[in-house]
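Working notes for the structure below.
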Amino acid sequence: MNGRSKGHETIKEEYFNKRRKAFDDAKIRREEAERKIPGLKELDEKIARVAANILEAASEKKGEEFEKRLEEIKAENLALRKQRDQLLIKNGYPADYTKVRYECELCSDTGFIGQNACACLKKRIALEGLLNSGLGKLVKTQNFETFRIESYSDAPDPKKGYSDREVMKKILSDCREYAENFSADSDSLLFVGQTGLGKTHLSSAIAKVVIEKGFDVVYESAPNAVSMIERDRFADDSEREDKSARLFNCDLLILDDLGTELSSKNTPAIIYNLINTRLVNSKPTIVNTNLAARELERTYDQRIISRLFGEYRVMLFEGRDLRRAKI
Ligand SMILES: [Zn+2]
């Protein structure tokens, strides 16, 4: 079972419990009111009988008689309800005191409006996705809204002939477009560039948008990913948590800091297997690395390089280190 379906089961249960509690609370209020207000219980019983009559009438043959009878019962029901409202008000209660109070009136806490997910359910799923993504607080400070293009120099580089800001403007708009149009068939991206140029910021920004669309996103540093996979590989079945399974199965994996993992002799094979498996299964991945192709080649084997530079869309983050520029 991957994290997504587990999370969705929890949310389903949450909605079930929320709705049940709304009913239970309303029942408690009704019983209290019936105890305190003389005549209310009798009136409620009368209303219940009328409601039963509606059901009975509806099961009968349709025709003129039926329509007439139904109208009569409806009128009776309405009159009794008005009487009930007044009785509550007269005794100092609001007319809707015993009504079921849902957290979300739009979907009555079912999470659905017809076949469609209610806005409250979409929000809840996005929150769960955020909690499960590994992004934690990062996403609060590092999203598209907080990305400052002005902090990149607009002075053209004498050698290149264009400015850092121009480069970043293009990258920023590509990243936005990627996030907004994300689907299961999206490309994989390779962010290459020195530390401090916004690779983590923009991948976190993409993650936020993609999570809000309802996709399962995992954000993990390459060193953590390697140790998670190693742990699960050597754990016996009873200990296995299969956290690593989500790295392989999620809709979008963001692998930060490739090249900084403590290189055990298994590392290149583990990274290759992860990257290759996701490519074979057409699952998009975003890889961030500070290393240039030549340096990557020294740490990993040629197979990884040809996968990353051959099949990923490469985005080159150029310019000065922003963190250093700010000092
Ligand atoms: Zn709702």
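The values are calculated or read from the model by the stated rules, or taken from the named source; none is laboratory data. It should be emphasised that the depicted structure is a prediction, and the values quoted were computed from it without experimental measurement. For neighbour counting, all protein chains shown are included, and Cβ atoms are generated from backbone atoms with ideal geometry for every residue, glycine included.
Within segment 84-95, being under 23 Å from F23 (Cα atoms) and either outside any loop (DSSP other than H, G, I, E, B) or near the ligand (Cβ under 8 Å from one of its atoms) (or both) holds for R84, D85, Q86, L87, L88, I89. E128 falls short of the stated requirement of being more than 16 Å from the ligand (Cβ to nearest atom), of a type outside the set (V, I, T) and either part of a helix (DSSP H, G or I) or in contact with a Gly (Cβ under 9 Å, 6 or more places away or on another chain) (or both). Restricting attention to segment 203-226, the residues that are more than 18 Å from the chain's Cα centre (by Cα) and either buried (at least 20 other Cβ atoms within 10 Å of the Cβ) or among the acidic types (D, E) (or both) total 3. In a residue-by-residue description of segment 82-94, the property of being closer than 28 Å to K12 by Cβ, in the same structural domain as K12 (by TED's automatic domain parsing) and loosely packed, with under 13 Cβ neighbours inside 10 Å applies to no position. Under the condition of being of a type outside the set (D, E, K, R) and under 23 Å from I11 (Cβ atoms), the residues counted in segment 139-180 number 1. Just one of the numbered conditions (1) over 30 Å from L130 (Cβ atoms); (2) out of contact with any helix residue (DSSP H, G or I) (no Cβ under 9 Å at 6 or more places or on another chain); (3) at pLDDT 95 or above is not true of L40: (2). Screening T98 on (1) in the same structural domain as R19 (by TED's automatic domain parsing); (2) crowded, with 18+ Cβ neighbours inside 10 Å; (3) within 16 Å of the ligand (Cβ to nearest atom); (4) not hydrophobic (A, V, I, L, M, F, W, C) shows it passes everything except condition (3). Put simply, of S203, S183 the only residue that is touching a Pro at 6+ places or on another chain (Cβ under 9 Å) and not in a strand (DSSP E or B) is S183.
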